[in-house]
Amino acid sequence: MKVYHSVREFKGIDRPIVTTGTFDGIHVGHNHILKRLKSIAEEVNGETVLLTFSPHPRIVLFPDDHGLKLLNTQEEQIQQLSKCGIDHLIIQPFTLDFSKRSALEYVRELLVEGIGVNTIVVGYDHRFGKGREGDYNMLIQFAEMFNFKVEEIPAQMIQDTNVSSTKIRTAIASGDVKTANIYLGYNYPLTGIVIEGDSLGRTLGFPTANLSIKDELKIIPGIGVYAVKVHYKGEAFKGMLNIGHRPTVTNSSELRIEVHLIDANIHLYGEELELEFIAKIRDEKKFETKEDLVKQLKEDQIAVLDKLKE
């Protein structure tokens, strides 16, 4: 997959089959669009092009009150789209000036003159242009004006629920990573740098790596204990992860993210770890004694290993 950091960098190709959007959290609904994109490209001997934006438009339009948490970092987004088999990814800088383009200017300057669109495939709720004025019906009008084709993909249903990035964020924030993973079509990822902690886990027999999350906009799953896969330097490890305030040992106001690598003892300070969330084991709770906590941690580890076997 070729990556471009603006439409200006994009080099003309024959019969571009295009889709566009923020594509935060490449989920099963997105995959349906991408599969159709590739199918059309094969039919007409064209190439697939995905046009997205950075930073997320809400961050630019509402800098002081965007309230946004993202499912994918840009690096994760690129990785997922590459796995989907997209030929070209254009990451267009989103600025206030850019946001002022009318729907007509957006289509003419980006899709027609910039990319040379042959066919555009969009989701059922796609909007574009200043104030989100453009919709599917307007695209149909522009297609006749500029001689390209338009195809709309209806809402995809998973367990009688429309799949959306918003619903996935809600599931993750509540700790329901199992549902989020179904909607995503892959295990929710989180990347962090190991920072020095207070080594309390080691005194309990469960040494942990304390993580500082790389991207401050990345959504963190809700407080609790999780079964995770941990990727480090090309190897995968079984992990038991806690997100919370450690009420038994410190009850800190600071949210801590700590992962214990099961059956592995590696010096990790300063290293980058990639996590895959598999399932939530339990909520965080306060124990009367450290002995009670250790007993629970042993039970948690058994539960984690069971989930990882699944």
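The values are calculated or read from the model by the stated rules, or taken from the named source; none is laboratory data. Just so you know, these numbers come straight off a predicted model, no measurement behind them. Counting neighbours? That spans all protein chains shown, and the Cβs are built from the backbone with ideal geometry, glycine included.
May I ask you to list the residues in region 77-99 that are under 20 Å from ILE115 (Cα atoms) and surrounded by 19 or more Cβ atoms within 10 Å (Cβ to Cβ)?
Result: LEU81, ILE86, HIS88, LEU89, ILE90, ILE91, GLN92, PHE94.
Restricting region 9-26 to residues that are under 20 Å from PHE128 (Cβ atoms) and assigned to a loop (DSSP other than H, G, I, E, B), which is farthest from the chain's Cα centre (by Cα)?
Restricting to residues being under 20 Å from PHE128 (Cβ atoms) and assigned to a loop (DSSP other than H, G, I, E, B), the top hit is PHE10.
Among the residues of region 38-76, which ones are surrounded by 15 or more Cβ atoms within 10 Å (Cβ to Cβ), part of a helix (DSSP H, G or I) and modelled with pLDDT of 95 or more?
LYS38, ILE40, ALA41
Just give me the residues in region 159-191 being buried (at least 19 other Cβ atoms within 10 Å of the Cβ), among the aliphatic types (A, V, I, L, M) and in contact with a helix residue (DSSP H, G or I) (Cβ under 9 Å, 6 or more places away or on another chain), in sequence order.
VAL163, ILE168, ALA171, ILE172, VAL177, ALA180, LEU184
Restricting attention to region 158-197, and to residues there that are part of a strand (DSSP E or B), over 16 Å from the mean Cα position of the chain (by Cα) and over 20 Å from THR22 (Cα atoms), which single residue is modelled with the lowest pLDDT?
Taking the candidates together, the pick is ILE158.
Given the conditions (1) free of Cβ contacts under 8 Å to residues at least 60 places away in the same chain; (2) surrounded by fewer than 20 Cβ atoms within 10 Å (Cβ to Cβ); (3) assigned to a loop (DSSP other than H, G, I, E, B), which single one is not true for SER212?
Of the numbered conditions (1) free of Cβ contacts under 8 Å to residues at least 60 places away in the same chain; (2) surrounded by fewer than 20 Cβ atoms within 10 Å (Cβ to Cβ); (3) assigned to a loop (DSSP other than H, G, I, E, B), the odd one out for SER212 is (3).
Out of curiosity, is VAL228 surrounded by 17 or more Cβ atoms within 10 Å (Cβ to Cβ) and modelled with pLDDT of 95 or more?
yes
Residue by residue through region 101-149, note down the ones that are crowded, with 18+ Cβ neighbours inside 10 Å, without any contact (Cβ under 8 Å) to a residue 40 or more places away in the chain and not in a helix (DSSP H, G or I).
GLY129, GLY134, PHE148
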